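Got a structure here, written out as structure tokens. Questions coming.
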Amino acid sequence: AQSVAQPEDQVNVAEGNPLTVKCTYSVSGNPYLFWYVQYPNRGLQFLLKYITGDNLVKGSYGFEAEFNKSQTSFHLKKPSALVSDSALYFCAVRDRSGNTPLVFGKGTRLSVIA
Amino acid sequence: EAEVAQSPRYKITEKSQAVAFWCDPISGHATLYWYRQILGQGPELLVQFQDESVVDDSQLPKDRFSAERLKGVDSTLKIQPAELGDSAMYLCASSNDSPLNTEAFFGQGTRLTVV
């Protein structure tokens, strides 16, 4: 069975500082990995994905994430946080074998303080 | 830009009443998902369709929930009777599942409040 752990319920960071939102995963085979962002009363918005190739993937709005197979992690990063980045962030995993659904973590609330 | 359409955006219903949600996926997306998101938690899969066929409904409470995608395009999720614990955001998503495009795209969701 697939699972995702987001160990931090809340991350606070000052505007202009780098941010990291942590994610670890468990999957029986090789994973597809994703990050989504959610603003209040809205659906989930796709940020970036790891499929294959370079372990550092770049996505929307300056976000990037690093796939680390040995640590089964896929942490989300941004070099300089903006107040507008404040939102709920979800990591998700999908097994490559078969037509399996995305399994989500419980989410991490990011608060960027001016 | 193509989007997943959901309606209604908000629904308030009394317990024991029936309620239905509609979803129109991105054109050409064969896979459609219904997720439920309780406030403060991550989305949890209710049902997954591949075209008109159910792939996974293991977490769907079948005594009160039903889902259909009769022509393999749009989909309806129904709850009958609604219970207080069903209050949540119901999210529809779709994907085309090509090897390099395996992400799901979400609609704006339906916020259900059962009173």
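Read-outs: derived from the displayed coordinates by stated rules, not from any lab. Since this is a predicted model, take the numbers as computed values, not measurements. Quick reminder, even Gly has a Cβ in these numbers, built from the backbone with ideal geometry, and neighbours come from all protein chains shown.
Relative to the present Cα-Cα distance, how much length would full extension add between A:GLU64 and A:THR20 at 0.36 nm per residue of separation?
14.9 nm
Another one. What is the distance in Å between the Cα centres of region A:63-114 and region B:71-115?
What the calculation gives is 21 Å, centre to centre.
Among the DSSP beta bridges whose two residues both lie in chain A, what percent are antiparallel, rounded to the nearest 5?
That works out to approximately 85 percent antiparallel.
I would also like to ask the following. Sum up the charges of everything whose Cβ sits under 13 Å from the Cβ of B:SER53, counting Lys and Arg as +1 and Asp and Glu as -1, but leave B:SER53 out.
-3
Just subtract the alpha-carbon distance of B:THR76 and B:ARG9 from 0.36 nm times their residue separation and send over the number in nm, one decimal.
22.7 nm
Here is a further query. At a threshold of 8 angstrom on Cα-Cα distance, excluding pairs fewer than six apart, so keeping six or more, what relative contact order does chain B reach in percent?
37
About the Cα centre, and with charges only on the beta carbon of Lys, Arg (+1) and Asp, Glu (-1), how big is the dipole of the protein assembly as shown? Nearest 20 debye, please.
Result for the protein assembly as shown is approximately 300 debye, rounded to the nearest 20.
Moving to a separate point now. I want to check the label-to-label distance for B:THR113 and A:LEU82. Put each point 7 Å from Cα in the C-beta direction and report it in nm to one decimal.
3.2
Next up: Looking only at chain B, where both bridge partners belong to it, what percent of the DSSP beta bridges are antiparallel (to the nearest 5)?
If I count the DSSP bridges inside chain B, around 90 percent turn out antiparallel.
Say the cut-off is 21 Å between C-alpha atoms; which of A:LYS106/B:LYS11; A:LYS77/A:LYS106; A:LYS22/A:LYS58; A:LYS49/B:LYS11; A:LYS49/A:LYS77 go over it?
Exceeds cut-off: A:LYS106/B:LYS11; A:LYS49/B:LYS11.
State the extension gain, in nm to one decimal, for the chain segment bounded by B:ALA30 and B:SER98, taking 0.36 nm per residue of separation less the distance between their alpha-carbons.
Between B:ALA30 and B:SER98, full extension yields 23.5 nm more.
Apply the Karplus parameterisation 6.51 cos²θ - 1.76 cosθ + 1.60, with θ equal to phi minus 60°, to every residue of region A:79-93 and state each ³J(HN,Hα) to the nearest whole Hz, in sequence, with x for glycine and proline.
Here the 3J(HN,Hα) series is x, 9, 6, 10, 4, 5, 7, 4, 5, 9, 10, 10, 9, 9, 10 Hz.
Another question, if that's okay. Work out the FRET efficiency for A:SER28 and B:GLN17 from their Cβ-Cβ distance, taking R0 = 30 Å, and round it to the nearest 0.05.
My answer for the efficiency is 0.15.
Taking all pairs of different Cα atoms in the protein assembly as shown, averaging 1/r and flipping that mean, what Kirkwood radius in angstroms comes out?
One over the average 1/r among Cα pairs gives 18.1 Å for the protein assembly as shown.
Say each of A:TYR39 and A:ALA5 gets a label point 7 Å from the Cα, pointing the same way as Cα to Cβ; how far apart are those two points in nm?
Once both label points are built, they end up 3.3 nm from each other.
Would you mind working out the magnitude of the charge dipole of region A:20-114 relative to its Cα centre, with +1 at each Lys and Arg C-beta and -1 at each Asp and Glu C-beta, to the nearest 20 Debye?
140
Here is a further query. So what is the relative contact order of region A:6-114, in percent, for Cα pairs below 8 Å that sit 6 or more residues apart?
Relative contact order comes out at 38 percent.
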